[in-house]
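Nothing in this text is a laboratory measurement; each read-out follows from the coordinates by a stated rule. This is a predicted model, so every value here is computed, not measured. Positions of Cβ are backbone-derived with ideal geometry, glycine not excepted, and every protein chain shown enters the neighbour counts.
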């Protein structure tokens, strides 16, 4: 499985670089969400733009783990890049009512940026020293 993890100052983008959502890659995604959360990331954007199909709608439940972790950390878990066939499976599974979907990656990034600015202005922002360094961006490929 190939996961592309692109870390930014206020959020991280996780891209499933496979065509099919399976019971093999779902546990790995769940583990990645837990790892990122333990590293202090409270905003995760899940990019599903490469995914065209899903073997079992139960596999999509790993997305609920990411959502729960981000909410608990006072952050956001946004899903982007969902195609029509995957959207139907998500609706049948009832996940469209539990999760937050955004049409484009840029929209998700903008939403998180606006929320973080608001938190900073209201004094609810994170105090992690690492967030002061905007140049501390990196991209990892897992798989």
Open item on the list: Taking every pair of distinct Cα atoms and averaging 1/r, then inverting, what Kirkwood hydrodynamic radius in Å comes out for the stretch 51-90?
Closed with: 11.1 Å
Task: Computed FRET value (nearest 0.05) for residue 88 with residue 117, which takes r as the C-beta separation and R₀ as 35 Å - done: 0.50
Open item on the list: Rg over Rh of the stretch 7-122, using C-alpha atoms and the Kirkwood radius, what does it come to?
Closed with: 0.95
Task: DSSP bridge orientation in the stretch 7-122 - percent antiparallel, rounded to nearest 5 - done: 5 percent
